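This report refers to the structure that appears directly beneath it.
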Amino acid sequence: MDEIPYYLAYESRYQKVFSAGIERWGHAPDDKVLFSTLSKWVEENKLQDKRVIEFACGEGAGGEILSKLGCIYHGVDIAPSAIIKAKAAIKQYPQATVSLLDMVNDPILEKYDAAIDIMGFHMLILDADRMKYLKNAFNCFENDAPMLFFRQSYRTTATEEKIETMEQWLHITKSYRTNEFKIYKLKI
Ligand SMILES: C[S@@+](CC[C@H](N)C(=O)[O-])C[C@H]1O[C@@H](n2cnc3c(N)ncnc32)[C@H](O)[C@@H]1O
């Protein structure tokens, strides 16, 4: 049988967080820096009443904020538990929607006026996956749509090596090895 795709390891993480009784793993809608950054971005790009897609939307904090700011929001994420939570978070905004989608491999069928990614891009490991994701995002843009990347981790001392396999990535980073990774590498 096939291996479970690596990025679904996030589903396991969300399940662990929620089953431990913790309210959320990711951003909260009252995050002041996130709120002020999105407010400025929406205003500068005139995104009120415009269609905005959020990649790796997690539990929907970005969706709540962007809907409050007047955007027509759509969030996508690969983790079903996060999508259930996000759907509940945006329920008071009738125009806001979320759906399950692998931003690396699933095409985006609709067009959008803008896109946002809050700590999503940096979660992608292989350079080929990053490229596939960016092309996917680019293809769903209407004209010169702006895209905001928020709180993406990076190291100025990181290797310049192209990351082509998970094994290579584990070898280079070592400390990034997680239990989820080991579980999800098992053939089932
Ligand atoms: C650090 S969390 C950030 C979640 C949210 N943006 C926030 O800030 O709270 C990274 C998110 O990326 C999602 N993710 C990872 N790989 C993905 C993929 N290939 N397609 C869609 N979502 C993905 C995970 O499920 C997780 O929700």
Which of Tyr154, Tyr112, Tyr133 moves the most in a Gaussian network model of the chain with Cα springs under 10 Å? Tyr154
Magnitude of the Cβ-charge dipole (Lys and Arg +1, Asp and Glu -1) of the chain about the Cα centre, nearest 20 debye, reported as 440
Could you give me the radius of gyration and the Dmax of the chain, taking only the C-alpha atoms into account and expressing both in angstrom? 16.8, 49
Distance violations [Cα-Cα > 20 Å] among Lys111/Lys135; Lys132/Lys162; Lys46/Lys68; Lys46/Lys85: Lys46/Lys85
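Multiply the residue gap between Asn139 and Glu164 by 0.36 nm, knock off their C-alpha separation, and tell me the result in nm, one decimal place.
On the way: separation 25, 0.36 × 25 = 9.00 nm, distance 2.35 nm.
Contour length minus Cα-Cα distance gives 6.6 nm.
Rounded to the nearest 20 debye, what is the charge dipole size of the range 46-155 about its Cα centre when +1 sits on each Lys and Arg Cβ and -1 on each Asp and Glu Cβ? Don't skip to the answer; put the middle values down first.
Values: 13 positive and 14 negative charges, 44 e Å.
Once rounded to the nearest 20, the dipole reads 220 debye.
Subtracting the Cα-Cα distance from 0.36 nm times the residue separation, let me have the gained length for Arg151 to Ala20 in nm, one decimal. Write out the running numbers ahead of the final one.
On the way: separation 131, 0.36 × 131 = 47.16 nm, distance 2.58 nm.
Using 0.36 nm per residue and subtracting the Cα-Cα distance, I get 44.6 nm.
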Value at 222 nm in deg cm²/dmol, rounded to 500, when DSSP H runs of n ≥ 4 in the chain each add -39,500 (n - 2.57): -11000 deg cm²/dmol
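Every read-out reported here was derived from the displayed coordinates using simple, explicitly stated rules and does not represent laboratory data. Quick caveat: nothing in here was measured; it's all calculated off a predicted structure. Please note: Cβ atoms are built from the backbone with ideal geometry, for glycine as well, and neighbour counts cover all protein chains shown.
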